[in-house]
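Every number here is computed from the coordinates shown, using simple stated rules; none is lab data. The shown structure was predicted, so the numbers you read here are calculated from the model rather than taken from an experiment. Cβ: placed from backbone, ideal geometry, glycine included. Neighbour counts: every protein chain shown.
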Amino acid sequence: MAVFHSMISVTGYTLVTVAALLWYGTGRQPLAPAYVFVRSLLASPKYLFVFVSLVAILLVNKYEMKLEELLPVHYNLTSALSGWEGSWQGALQRALRSDWLTFVSSYFYLILLQAVLVASIGIYTFYGNLRLYYAFSVAILLNYLIAVPFFLFVPVNEAWSVSPSIHFLILQTFPNFETEYRQLSGLNNCFPSLHTSISVTMALIAARSGNRRWAWFTAANAAIILFTIFYLGIHWFTDMIGGLCLAVFVSWAGLKIGDRLARSPSGAAEEKRESERKWLTATSRSTGS
């Protein structure tokens with residue numbers, strides 16, 4: 001049941017999903033939040049700096065495997081950290097395995113994680129919630145800054161590669177995963193689970209947004225992703241615990257730092273402009289102009 005054939009198809013599904021999420025989170029056609037995002041980049045140096053910093057750390061993660069080649073380690077901590085777990089993921093797969101569940105799990109693992117990340121930036125920017133934009137961006141940035149050293153110096157292998165009773169189910173939907181996607185995610189980059197930490201971080205930040213639809217969706221997204229990391233045969237329970245701890249810390253730190261950035265003179269001026277824009281938009285709608 002191959003659905004994803006290359007990174008091009010993954011990118012295509014992601015773009016369509018981002019558009020749908022922007023519509024769901026804002027109630028407007030996707031070009032509206034996209035326009036506000038571009039305008040914010042051009043109007044606010046601070047907004048631009050935070051966004052560029054976020055993109056930069058994502059690029060660092062993309063080339064993390066090249067860093068591994070420059071900083072090789074000659075040990076593996078899979079048994080030490082996760083050996084006590086056995087092969088319980090295999091039992092989970094045998095009990096629940098089906099084509100539709102594998103497809104849904106793969107979609108959330110490959111597409112929804114990054115689509116929700118992109119859409120969150122657009123939604124918070126569209127509503128002029130700069131505190132959450134800064135908090136969200138800083139939290140995601142901290143996720144990678146903290147996780148990458150673990151990937152470099154605390155190597156833990158994916159579950160399917162350790163136990164023959166655990167299957168790498170994502171290959172059913174993305175047969176070329178090892179050649180197309182593996183360069184973005186090393187076989188021993190398991191601890192902590194970034195899929196756990198990022199999805200839970202997005203849910204924790206969204207819970208402070210006042211957008212109930214978006215908060216509920218991101219919470220459901222995080223819960224499903226926590227299931228997929230085990231069902232697809234990728235992560236250990238220990239990885240999830242590490243990811244949860246990381247998510248709680250970076251969300252707390254992101255909210256603190258985001259609040260300070262928004263309270264600075266330039267941040268206050270940006271929020272005032274966005275509030276005026278929202279008031280004008282609401283007024284124009286109510287008068288029918």
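For the peptides 22-28, 122-128, the ranking by packing is 122-128, 22-28, with the highest mean count of neighbouring Cβ atoms within 10 Å listed first. Using 1/(1 + (r/R0)^6) with R0 = 22 angstrom and r between the beta carbons of Leu59 and Val248, what's the FRET efficiency to the nearest 0.05? E between Leu59 and Val248, to the nearest 0.05, is 0.25. Phi-derived couplings, Karplus 6.51 cos²θ - 1.76 cosθ + 1.60 at θ = phi - 60°, listed residue by residue for segment 76-83: 9, 9, 4, 5, 5, 8, 10, x Hz, with x used for Gly and Pro. Long hydrophobic helices in the chain, taken as whole DSSP H segments with a C-alpha length of 24 Å or more on their own axis and mean Kyte-Doolittle hydropathy at least 0.0: 7-26, 45-62, 130-153, 212-231, 237-263. A crude spin-label estimate for the pair Leu15 and Ala32, with each label 7 Å from Cα along the Cβ direction, gives 2.3 nm. Only one of the values (1) 33; (2) 40; (3) 45 was calculated from this structure for percent of Cα pairs over 30 Å apart; name its label. The listed entry that was calculated here is (1). For the chain, the dipole from Cβ point charges (+1 on Lys and Arg, -1 on Asp and Glu) about the Cα centre works out to 1220 debye, to the nearest 20.
Taking the fewest neighbouring Cβ atoms within 10 Å as the starting point, the ordered list for Trp252, Trp160 is Trp252, Trp160. Ranked for footprinting exposure by Cβ neighbours inside 10 Å, fewest first, Leu48, Leu255 give Leu48, Leu255. Of the peptides 199-205, 180-186, the order by per-residue mean of other Cβ atoms within 10 Å, starting with the highest, comes out as 199-205, 180-186.
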